[in-house]
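This report refers to the structure that appears directly beneath it.
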Amino acid sequence: MALSISRCNFKKKLTRSIYCSLFQKNVQSDTSTQNKQEPAVDSIKTTFRKKLMNGPNLRNFFKSESLAVDWIDVRKENEVPYIEPKSLLGNGRKVYFEVYGCQMNVNDTEVIWSILENYDYEQTKEINDADVIFLVTCAIRESAEEKIWNKLKSLKGLRKKRSKDKPHLKIGVVGCMAERLKEKVLEQDQSVDLVVGPDAYRDIPKLLVLSETGQKCINVMLSYDETYADIMPVRLNQDSVTAYISIMRGCDNMCTYCIVPWTRGKERSRPVSSILKEVENLVSKGVKEITLLGQNVNSYRDLSENNSDTSLVSQPTSLSKGFTTVYKPKLGGLRFYHLLEKVANIDPEVRIRFTSPHPKDFPDECLHVIQSYPNICKSLHLPAQSGNSAVLERMRRGYTREAYLELVENVRKILPSVALTSDFICGFCGETEEEFKDTLSLIEEVKFSMAYLFMYSMREKTTAHRRFKDDVSHHIKHKRLEQMIAMFRYHVEKRNRAQIGQIQLVLIEGFSKRSKSNLVGRNDQNLNVVIPGLDLVPTKCEYNDCRLLKPGDYVAVHINDANSQILKGIPLYRTKLTDFSNSQVHGEVLRLRELPLNS
Ligand code: 5AD
Ligand code: SF4
C-alpha cells in the first residue's frame, strides 16, 4: 500500500538528511584548517558547502512526505516544494458533503467548505454531480460508524456508475472516525481516497491534489493549538437565522467511556477576539440566534498572549461545588462567562445559546451572567450520564449523584425559569439493576425538559475498554433504554402541557416540516413551537410592516396545545426580544400592546 511505502521512503530520507546535516558540521569545522589546504581542494569544498547550505534540509523532507503519511504535521506550511500553488486550485470541481453526528461536525464542515471555497472549489447539493465526496464522520458509538461503512458501500456503486463521466471522483472520510481508525479506513474500504482528522482540514487542498495521482492520502495529526481561529466558516445554509460558532475544540476530561479525547485531541480555546469578530459578522448578515459550540464549551479559557488583564490571573479556578477534574486546574485567562458576557453585549436582539457544557463548569459567576442577560437563553444542558454515584465514578465523571442534584438546585435558585436538558447512558460496564434504578429516579427527580438517551457502546482505546467488561447484554441495555424513554416522555409531556396558557417569545425559523401552512420557531427554552402561518392582517407593528411573519421575526405566542415533542400556539404580535423581556419584568406580557396579528 502507498502508505507503508511512503513510510519506508521517509525513513530513508530522514537518515539521509540527518547524515547531510552531520556532514555539514564536519565541513564547517574543517574550515579552521583551511589555510593549510590546496586552493583547488579549497574551492571544491566551498562549492560543496554552498550546495549543502542551499540544498534540501530536514524540513523539506518533512514537507514533501507529509502529504502521504499520517504522522507529520505540515498544516502551517503554505508551500509544498513540488506542488505549484496554482495546481492546488479546484478549478470549479464540485464538492458534496454528507454530515453525520453532532453540531460540531456541521461547524467543521463549514470550516472545510471555507477552505475549499478559497481554492476555487464549488459546492453541490447533488451527490451525482460531485467530483469530490466528503463524509464528515462521527465515532462516538459503534452505530455511528456502521452508518458510514454502509454509506461507503453505496458509494462504491455510485463510483462504478459514474466511472465514465467522473473517472476522477474522490471520496474522503474526514473527522472523528478518520481520526479513530486512521489508515484502517483505507485498508477496509478501497474506495476511500482521503482520510483527514479534525485538526488537519487545512491540508485538504494539498491532499486532494496528491490523490489525483491515484495515491491514497492521510493526515490524522492532532494538534495542541489548532482552533481554525483565522478561518471564517462559510455557512452551509446561508438563509438560516440561526448559526453556530465553534469556540473551543477537544476535551481533557477523559470520561472512561468516551472516545472524544482521542478523536478530537486536547482541549484548546479560540481567542476571544476572533470569536467576537465572527459573531459581529453573523449579526451583520441578519443572524438572530448564535450557539457557541465546543466539546466542553464552558471549560473555555482564552490564555492568549494579548489577553493582558492581569487581574484575571489571580482568580481561583471555580468549578461547580462538589466537582473534580482529572487535569490540573487551569489558571488565569478569560473564562467562559467572560466570553458569554462579551458575546451577549454585541446585540441585545440576538439570542445566545451554548452546547455542550460539562456540569463541572457552572460556577455562580457563570449562572449570574446567564441570569442578567435577557438574550442569553435560559436553557442549560447538564449531561448527567447516570444517576448512580458508583457508576459515575466508574465513568470518571468527577461528581456524585448528590453533587449533581445540588448543582441542579443551585441553578434553579439563580435561574428560576431555566429548562434543563441532559444526556444519559444506560448499560455501562457493570451497571446493576439497582444502579440503573438510580438513573430513573434522577430523571424523575430533576424533571428535565429534554434528553438524549443512549445505550452504552464500548469504544476501543478508552479507559473503559482497558479496565472494564462490557457485561450488560444488548437485550438489557435495550430494555433500560425503553424504560428511560418512557420516564422522560411522561415528565416532558407534563412539563410541556403546564405551559399551555403562557405567552412566550418565539423566534421564527421557517415553515414547519409537516405543513407549509404552519411556521415553526423556538422559545427561549429551546422547544419547538408551531404556529399557523395565517394570512395575517397588517399590524400597526412598529418594527415591521410586512403582512406575514418571516424567519428572523420575534413573535409573542399564546401557547394553546402541547405534547412531549412540541408546543403549539397562536401568534399575537410581532415584537423585539428586549421589549418582550422588559414587559415580562413589568408583568405586562399579557397586555397586548398592538393589534393581535390574526385579529
Ligand atoms: N456509548 C454511548 N454513549 C456515549 N456517549 C459518549 N460516549 C458514549 C459511548 N461510548 C454519549 C454521552 C455524551 C454524548 C455526546 O454521547 O452521553 O454526552
Ligand atoms: Fe466525552 Fe466526557 Fe469529554 Fe464529554 S466530557 S466529550 S463525555 S470525555
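The values are calculated or read from the model by the stated rules, or taken from the named source; none is laboratory data. What you see is a predicted model, and the numbers here were worked out from it, not measured in a lab. Positions of Cβ are backbone-derived with ideal geometry, glycine not excepted, and every protein chain shown enters the neighbour counts.
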Of the residues in segment 286-312 that are farther than 19 Å from residue 227 by Cα and modelled with pLDDT under 95, the one that is surrounded by the most Cβ atoms within 10 Å (Cβ to Cβ) is 312
- Inspect all residues belonging to segment 161-180 and state whether any of them is modelled with pLDDT of 95 or more and out of contact with any strand residue (DSSP E or B) (no Cβ under 8 Å at 6 or more places or on another chain). yes
Would you mind stating whether residue 361 is away from ligand 2 (no atom under 16 Å from the Cβ), assigned by TED's automatic domain parsing to the domain that holds residue 255 and not hydroxyl-bearing (Ser, Thr, Tyr)? no
In segment 319-349, anything more than 14 Å from residue 275 (Cβ to Cβ) and of a type in the set (A, V, I, L, M, F, W, C) is listed as 319, 323, 326, 331
The residue that is surrounded by the most Cβ atoms within 10 Å (Cβ to Cβ), considering only those in segment 115-153 that are among the small types (Gly, Ala, Ser) and within 16 Å of ligand 1 (Cβ to nearest atom), is 139
Checked 446, 472, 492 against criteria (buried (at least 18 other Cβ atoms within 10 Å of the Cβ), β-branched (Val, Ile, Thr), more than 16 Å from ligand 1 (Cβ to nearest atom) and not assigned by TED's automatic domain parsing to the domain that holds residue 558); the one match is 492
Being among the hydrophobic types (A, V, I, L, M, F, W, C), assigned to a helix (DSSP H, G or I) and either under 16 Å from the mean Cα position of the chain (by Cα) or closer than 17 Å to residue 262 by Cβ (or both) narrows 106, 136, 173, 195 down to just 106
For segment 218-267 the number of residues that are more than 14 Å from ligand 2 (Cβ to nearest atom) and charged (D, E, K, R) is 5
When every residue in segment 154-167 that is surrounded by fewer than 12 Cβ atoms within 10 Å (Cβ to Cβ) and of a type outside the set (Asp, Glu) is compared, the one nearest to residue 204 (Cα to Cα) is 167
Every listed condition ((1) within 16 Å of ligand 1 (Cβ to nearest atom); (2) under 30 Å from residue 280 (Cα atoms); (3) without any contact (Cβ under 8 Å) to a residue 40 or more places away in the chain) holds for residue 332 save (1)
Exactly one of 379, 372 is free of Cβ contacts under 8 Å to residues at least 24 places away in the same chain and small (Gly, Ala, Ser), and that one is 372
Filter segment 327-339 for residues that are closer than 25 Å to residue 254 by Cα and under 23 Å from the mean Cα position of the chain (by Cα); the one that is nearest to ligand 2 (Cβ to nearest atom) is 327
For residue 112, are the conditions met, namely being modelled with pLDDT of 95 or more, surrounded by 14 or more Cβ atoms within 10 Å (Cβ to Cβ), away from ligand 1 (no atom under 16 Å from the Cβ) and part of a helix (DSSP H, G or I)? yes
Those residues of segment 268-306 that are away from ligand 2 (no atom under 16 Å from the Cβ), at negative phi and either in the same structural domain as residue 106 (by TED's automatic domain parsing) or not polar (S, T, N, Q) (or both) come to a total of 19
